[in-house]
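Take a look at the structure below.
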């Protein structure tokens with residue numbers, strides 16, 4: 001075993017080992033590269049106590065001081081970016097260039113929220129003489145946050161940034177499969193002078209941790225990124241205890257290519273973006289609805305670009321797509337491909353696991369799938385694109401909106417009329433036209449329908465971590 005990671009819990013400003021651990025596996029070669037500590041009930045109890053202590057200190061800390069600590073931590077993360085990127089690639093498999101970009105993206109979340117936390121303004125409501133009505137925003141309390149494996153640094157960064165900038169404390173449960181990214185965040189904040197207990201890291205059995213933490217009195221809010229099924233379950237637990245839940249859940253992003261778009265440029269851009277992180281992105285462009293007049297040219301450009309993608313170990317600088325996370329992803333993807341083919345879909349490229357060590361699935365595209373194909377209804381969460389012709393923009397929008405998901409959607413169009421039709425007609429929290437970038441630190445991000453509740457990022461993001469207090473004062 002080549003040891004890379006022996007991850008501990010971080011509770012009350014101290015690192016701690018546990019008796020039980022789980023293996024960390026490199027998906028590019030299936031080697032065990034380390035272990036991650038498993039939190040027990042006593043560890044979680046300690047995290048609750050520590051977070052309550054941390055909140056008492058941090059909630060009374062001025063926004064300027066909070067911003068100072070956050071910016072210092074972000075600067076340290078930038079200095080350590082190469083080490084962090086390497087650890088992400090070893091545990092997740094994505095190309096090292098993507099890991100480097102992820103680290104910078106995580107830093108941008110911290111830097112944006114640091115700037116926003118000093119602008120959490122209240123207001124004075126006009127009233128008669130001798131009476132003052134003042135509205136203020138106060139941190140909600142301790143947050144229980146849960147992040148997935150596909151973005152091991154930037155996903156926890158988004159939640160930690162929002163909570164800490166708002167004056168909250170946080171218990172962060174990151175993925176056991178890719179734990180090191182969030183460990184680097186904790187170390188940076190430790191070195192930046194964050195008070196003990198404000199940030200706590202726990203790992204372990206997801207169901208045990210969520211069902212232990214969410215009902216507890218110290219927890220005032222839930223923040224989760226992951227599947228819709230798990231998100232609904234956690235929201236139900238939170239609702240039973242009257243706790244707000246910020247949910248960024250699954251998607252199945254449509255891409256509408258209008259008849260006035262450049263089919264070659266759209267095809268190349270779409271193929272380049274689709275296989276980022278091996279398609280394991282909740283905003284990944286997946287269902288392509290292409291006007292029939294340009295369908296053949298788009299498809300040809302898309303497939304040619306896919307066939308040029310270099311698949312391999314993410315630490316190889318030439319690699320453009322790495323492995324998927326595990327065997328479970330390969331099995332799920334193969335089932336979707338086989339179902340599509342059985343229902344008459346055309347296999348344009350790829351179609352199965354690559355015969356090499358590691359969890360490699362070929363970049364795959366299916367065309368002309370029926371609406372009832374599983375892949376058209378279930379999020380593939382992998383390197384699988386679905387390309388169908390449509391007769392009109394109205395038909396494309398109808399198909400795009402036909403699922404219960406609405407996280408991200410994309411369109412390619414030139415005319416103002418088509419751009420306006422896409423922007424108004426698509427049901428999604430994030431609609432991007434002539435770009436496949438769904439969100440940035442300065443823009444709000446979140447879904448509609450079964451893709452989530454609330455927003456992260458932008459000026460709107462911090463307010464989910466705060467409560468509104470109205471103060472009425474009669475002057476005597």
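Checking each residue in the range 389-403 for being under 27 Å from the mean Cα position of the chain (by Cα) and surrounded by 14 or more Cβ atoms within 10 Å (Cβ to Cβ) picks out 396, 397, 399, 400, 401, 402, 403.
What about residue 354, is it in the same structural domain as residue 272 (by TED's automatic domain parsing), over 28 Å from the mean Cα position of the chain (by Cα) and at pLDDT 95 or above? In short, no. For the residues 211, 138, the requirement of being farther than 18 Å from residue 17 by Cα, without any contact (Cβ under 8 Å) to a residue 40 or more places away in the chain and surrounded by fewer than 24 Cβ atoms within 10 Å (Cβ to Cβ) singles out 211. Among the conditions (1) under 23 Å from residue 469 (Cβ atoms); (2) not in a helix (DSSP H, G or I), residue 151 misses just one, which is (1). If you filter the range 99-118 down to residues that are in contact (Cβ under 8 Å) with a residue 60 or more places away in the chain and out of contact with any helix residue (DSSP H, G or I) (no Cβ under 6 Å at 6 or more places or on another chain), you find that the one that is surrounded by the most Cβ atoms within 10 Å (Cβ to Cβ) is 112.
Screening residue 365 against (1) in contact with a helix residue (DSSP H, G or I) (Cβ under 8 Å, 6 or more places away or on another chain); (2) modelled with pLDDT of 95 or more; (3) outside the structural domain of residue 300 (by TED's automatic domain parsing) leaves a single unmet condition, (3).
Taking every residue in the range 214-229 that is without any contact (Cβ under 8 Å) to a residue 24 or more places away in the chain and pairing it with any residue that is surrounded by fewer than 18 Cβ atoms within 10 Å (Cβ to Cβ), at least 6 positions away or on another chain, the pairs with Cβ-Cβ distances below 9 Å are 217/241. Per the conditions (1) out of contact with any helix residue (DSSP H, G or I) (no Cβ under 8 Å at 6 or more places or on another chain); (2) in contact (Cβ under 8 Å) with a residue 12 or more places away in the chain, the sole criterion not satisfied by residue 317 is (1). With the structure loaded, tell me whether residue 442 is in contact with a helix residue (DSSP H, G or I) (Cβ under 7 Å, 6 or more places away or on another chain) and surrounded by 17 or more Cβ atoms within 10 Å (Cβ to Cβ) or whether it fails that test. Judged against the criteria, residue 442 is not a match. The residue list 193, 231, 226 contains one member that is in contact with a helix residue (DSSP H, G or I) (Cβ under 8 Å, 6 or more places away or on another chain) and not assigned by TED's automatic domain parsing to the domain that holds residue 373, which is 193.
Here is a yes/no grid of residues against (1) in the same structural domain as residue 379 (by TED's automatic domain parsing); (2) under 22 Å from residue 95 (Cβ atoms); (3) outside any loop (DSSP other than H, G, I, E, B):
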| residue | (1), (2), (3) |
| --- | --- |
| 261 | yes, no, no |
| 271 | yes, yes, yes |
| 282 | yes, yes, no |
| 296 | yes, no, yes |
| 300 | yes, no, yes |
| 304 | yes, yes, yes |
| 324 | yes, yes, no |
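Does any residue in the range 232-243 that is more than 18 Å from residue 218 (Cβ to Cβ) come within less than 7 Å, Cβ to Cβ, of a residue that is buried (at least 16 other Cβ atoms within 10 Å of the Cβ) and modelled with pLDDT of 95 or more six or more places away or on a different chain, and which pairs are these? From the range 232-243, the pairs are 235/245; 235/247.
Going by the conditions given, is residue 188 closer than 22 Å to residue 404 by Cβ and either at pLDDT 95 or above or under 21 Å from the mean Cα position of the chain (by Cα) (or both)?
Answer is no for this residue.
The values are calculated or read from the model by the stated rules, or taken from the named source; none is laboratory data. Quantities reported herein were computed from a predicted structural model and do not represent experimental measurements. Note that we place each Cβ from the backbone using ideal geometry, even for glycine, and neighbour counts take in every protein chain shown.
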